[in-house]
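The values are calculated or read from the model by the stated rules, or taken from the named source; none is laboratory data. Here the structure is a predicted model, which is why all the values come from computation and not from measurement. Glycine gets a Cβ as well: all are built from the backbone with ideal geometry, and neighbour counts include every protein chain shown.
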């Protein structure tokens, strides 16, 4: 089955004036999850975590950030999809419990 990727955590770290105005994002904590269903229906998961930093004029209100571009560019620059795919592949090479059923034989 195909690997599915999603951003699971998007947490802006901001500063603002005492009255709550002039909010400025300095970092975004981000996590991406990859999932793949293997043989027998077992679901494998892998995660990547990071921080996108902003400075100067890039420190803007979190609602004004183009998250799609910023987070996808960060994931691409850090090769997250390839790393997560490799992690899923290595998990599938490890023996795991079979989900089928065997009838236990009698003890002789």
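The residues of region 14-25 that are surrounded by 15 or more Cβ atoms within 10 Å (Cβ to Cβ) and part of a strand (DSSP E or B), listed by number, are 14, 24, 25. Tell me, please, whether a residue that is part of a helix (DSSP H, G or I) and over 21 Å from the mean Cα position of the chain (by Cα) can be found in region 64-74. Yes, because at least one residue in region 64-74 is part of a helix (DSSP H, G or I) and over 21 Å from the mean Cα position of the chain (by Cα). Which one is nearest to residue 84 (Cα to Cα) among residues in region 27-43 that are at pLDDT 95 or above and either exposed (fewer than 14 other Cβ atoms within 10 Å of the Cβ) or in contact with a helix residue (DSSP H, G or I) (Cβ under 9 Å, 6 or more places away or on another chain) (or both)? By that ranking, first place goes to 34. When the test is whether a residue is closer than 29 Å to residue 13 by Cα and either surrounded by fewer than 14 Cβ atoms within 10 Å (Cβ to Cβ) or out of contact with any strand residue (DSSP E or B) (no Cβ under 6 Å at 6 or more places or on another chain) (or both), residue 84 does not pass it.
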